[in-house]
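> Structure in structure tokens, see below.
The values are calculated or read from the model by the stated rules, or taken from the named source; none is laboratory data. All values reported here derive from a predicted model rather than from experimental measurement. Cβ sites come from the backbone with ideal geometry, for glycine too, and all protein chains shown count toward neighbours. Accessible surface is based on the protein model in full, side chains and every heavy atom, while ligands, DNA and RNA are left aside. Shrake-Rupley method; radii C 1.70, N 1.55, O 1.52, S 1.80 Å.
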Amino acid sequence: MTDYSKPVRVPMPAWTDEELRTLVDFRRRNGRRWRSKLLDLYLFGKDDSEPNGASLRHIRNRQGPSRVDALSKATLDEAEKRLAMIADRPSQGDAP
């Protein structure tokens with residue numbers, strides 16, 4: 001028999017590189033208070049008017065504002081370094 005009295009915890013989706021890249025870009029453009037600026041944009045439905053607005057809205061819908069708020073500076077710093085290394089790699093088709 002199934003017990004419906006206990007809520008089922010659904011695991012939160014992992015951050016994708018594209019989501020992290022969008023947040024790194026937003027942080028770069030908005031400085032120290034990037035998080036409160038983004039949460040305000042979410043609150044008033046203005047996130048779609050920003051550069052990468054569709055990606056910001058996707059993050060809001062997939063991860064939720066509370067996950068954005070809980071994202072640590074260290075996690076975003078690490079992602080920024082990792083994504084920069086990926087972008088610096090020569091593609092397979094490039095000649096040496």
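> State which residue is modelled with the highest pLDDT when the search covers only segment 1-41 and only residues that are in a loop (DSSP other than H, G, I, E, B) and touching a Lys or Arg at 6+ places or on another chain (Cβ under 8 Å).
From segment 1-41, those in a loop (DSSP other than H, G, I, E, B) are 1-16; that's our starting set.
Keeping just the survivors that are touching a Lys or Arg at 6+ places or on another chain (Cβ under 8 Å) gives 12-13.
Numbers: Met12: 81, Pro13: 86.
Step by step, filter segment 1-41, then rank; the result is Pro13.
> On to the next question. Consider Arg28 carefully, then state whether it is among the charged types (D, E, K, R) and surrounded by fewer than 12 Cβ atoms within 10 Å (Cβ to Cβ). So that I can check it myself, show each step before the final result.
On the way: among the charged types (D, E, K, R): yes; surrounded by fewer than 12 Cβ atoms within 10 Å (Cβ to Cβ): yes.
Yes; evaluated as a whole, the condition is true for this residue.
> Could we say that Asn61 is open to solvent by 60 Å² or more (accessible area, probe 1.4 Å), of a type outside the set (Gly, Ala, Ser) and closer than 23 Å to Ala87 by Cβ here? Spell out the reasoning first.
Numbers: open to solvent by 60 Å² or more (accessible area, probe 1.4 Å): yes; of a type outside the set (Gly, Ala, Ser): yes; closer than 23 Å to Ala87 by Cβ: no.
No; evaluated as a whole, the condition is false for this residue.
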